[in-house]
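Remarks on the structure that follows.
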Amino acid sequence: MGKRAIEKNEIDIVFLDIQIPKLNGIELAEQLLEVKPQLQIVFVTAYERYAIKAFELNALDYVLNPVGKQRLQNTMKRIQSMMEEHTTFSLQKGIYK
């Protein structure tokens, strides 16, 4: 899925690698967050050195390759928790999603 598709569709979560064609994942995340500030980003990469920058962008998670089953389960729990919090917040404000 490309950048435009993410920007134009109702996407809540994006899994990004750091090393992608043309931009790096951090730069793409910055551009996406300008348009969709509520977008949740999980970085999945082999590069440890970008973790601090990723969390400065409020990344939901930063997973190092190779990804083990337990680590992926932890990420999925984090995503589920975030989605439950968002639903609770929306319901409290009278917004149903």
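Assuming R0 = 30 Å, can you tell me the calculated FRET efficiency for the pair L23 and E84, based on Cβ-Cβ distance, to the nearest 0.05?
E(calc), rounded to 0.05, equals 0.40.
Ranked highest first by the average count of other Cβ atoms within 10 Å around their residues, in what order do 63-73, 38-48, 20-30, 5-15 fall?
38-48, 20-30, 5-15, 63-73
Using 0.36 nm per residue of separation minus the Cα-Cα distance, give me the extension gain between V35 and A5 in nm, one decimal.
9.6 nm
For Cα pairs less than 8 Å apart in space and 6+ apart in sequence, what is the mean separation divided by the residue count of the chain, i.e. the relative contact order in percent?
Dividing the mean separation by the residue count of the chain yields 21 percent.
Could you name the aspartates and glutamates in cross-link range of K3, using Cα to Cα under 18 Å and dropping any fewer than eight places away on the same chain?
Here the aspartates and glutamates satisfying the reach criterion relative to K3 are D12, D17, E27, E30, E34.
Can you pull the Rg over Rh of region 1-51, Cα-only, Kirkwood?
Taking Rg over the Kirkwood Rh, I get 0.94.
Give me the dipole magnitude in Debye, nearest 20, for the chain about the Cα centre, with unit charges on the beta carbon: positive for Lys and Arg, negative for Asp and Glu.
Charge dipole of the chain: 200 debye, to the nearest 20.
Straight-line reach from K69: which aspartates and glutamates fall under 17 Å, measuring Cα to Cα and dropping same-chain residues less than 8 apart?
D61
Give the carbon-plus-sulfur fraction of the accessible surface of the chain in %, rounded to a whole number; probe 1.4 Å, heavy atoms of protein chains only.
Carbon and sulfur atoms account for 52 percent of the accessible area of the chain.
Q38: net charge of surrounding residues, Cβ under 11 Å, Lys/Arg +1, Asp/Glu -1, itself excluded?
-1
Using the Kirkwood radius over C-alpha pairs as Rh, can you work out the diffusion coefficient of the chain via Stokes-Einstein at 25 °C, viscosity 0.890 mPa s, in µm² per second?
Taking Rh from Cα pairs, D becomes 171 µm²/s.
The values are calculated or read from the model by the stated rules, or taken from the named source; none is laboratory data. Computed from a predicted structure; not experimentally measured. Glycine also receives a Cβ, built like all others from the backbone with ideal geometry; neighbour counts cover every protein chain displayed. Just so you know, the surface numbers come from the protein's heavy atoms only, side chains and all, with ligands and any DNA or RNA stripped out. Shrake-Rupley method; radii C 1.70, N 1.55, O 1.52, S 1.80 Å.
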